[in-house]
Amino acid sequence: FDRLLRAFNELPEDPEVRQRLIALAEAREAWEAVTDAFEAASARVEDLDLKLGDHLRMAGWSRESLNDLDRAIAHYRAALEISPENDAALNALEGLFKERGDHAALAEIVEQRGEMAFDLDEKRRRYHQLGALAAEHLGDIPRAVAAYEQALEIDDADAEALTALEALHEGAEDW
């Protein structure tokens with residue numbers, strides 16, 4: 001195992017070395033060592049697709065085998081730096097932030113997904129979700145209002161958005 005770790009350190013992009021190292025790590029359940037090795041080699045991996053896959057792989061190992069959610073989140077975020085629209089990373093972060101109750105971080109992901117969505121129903125659904133998060137969990141009424149207004153730009157007859165805006169304005173005595 002140590003020889004494979006050294007070989008990987010010298011040749012981090014070699015597919016055979018990678019495959020053998022991962023297989024051996026799985027057999028030995030040596031996830032900490034293999035994750036450490038991949039992290040150390042990450043800066044030397046030039047192929048962006050390979051680096052993206054590595055961050056997603058390390059995030060999975062960190063989450064599932066090491067039970068280190070902070071480390072997993074860091075790798076999912078690193079994956080998004082390479083590919084901002086990566087569904088696997090966005091889905092994982094959304095789930096982790098919901099699980100943790102990290103509403104501020106969840107709102108950022110929801111907003112990003114709303115801005116990225118091509119499907120107008122999905123975009124509108126994300127703006128509703130952002131409005132509810134901002135109002136109910138973050139206490140950020142201006143952000144909630146802006147989110148519901150974005151939903152109305154998609155569908156000006158959106159009854160749910162209109163009702164939410166009315167309640168927000170009444171709550172703030174702005175109506």
Exercise. Return a yes/no flag: does region 127-143 have any residue that is out of contact with any helix residue (DSSP H, G or I) (no Cβ under 6 Å at 6 or more places or on another chain), surrounded by 13 or more Cβ atoms within 10 Å (Cβ to Cβ) and of a type in the set (Asp, Glu).
Key: no
Quiz item: Taking into account only those residues within region 43-56 that are without any contact (Cβ under 8 Å) to a residue 24 or more places away in the chain and in a helix (DSSP H, G or I), which is surrounded by the most Cβ atoms within 10 Å (Cβ to Cβ)?
Solution: Asp54
Quiz item: Do we have Glu115 as within 12 Å of the chain's Cα centre (by Cα), without any contact (Cβ under 8 Å) to a residue 12 or more places away in the chain and farther than 29 Å from Glu26 by Cβ here?
Solution: no
Quiz item: Of these, Asp121, Asp155, Asp102, which one is among the acidic types (Asp, Glu) and touching a residue at least 24 places away in the same chain (Cβ under 8 Å)?
Solution: Asp155
Quiz prompt | Residue pairs meeting the criteria (Cβ under 6 Å; at least 6 apart or on separate chains; first more than 14 Å from Ala40 (Cβ to Cβ), in region 12-28; second surrounded by 15 or more Cβ atoms within 10 Å (Cβ to Cβ) and hydroxyl-bearing (Ser, Thr, Tyr)) | solution = none
Exercise. May I ask you to verify whether Asn86 is surrounded by fewer than 16 Cβ atoms within 10 Å (Cβ to Cβ), farther than 21 Å from Pro12 by Cα and among the polar types (S, T, N, Q)?
Key: no
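Every read-out reported here was derived from the displayed coordinates using simple, explicitly stated rules and does not represent laboratory data. On a predicted model such as this, the values are computed, not experimentally measured, just so you know. With ideal geometry, Cβ positions are generated from the backbone for all residues, glycine too; neighbour counts draw on all protein chains shown.
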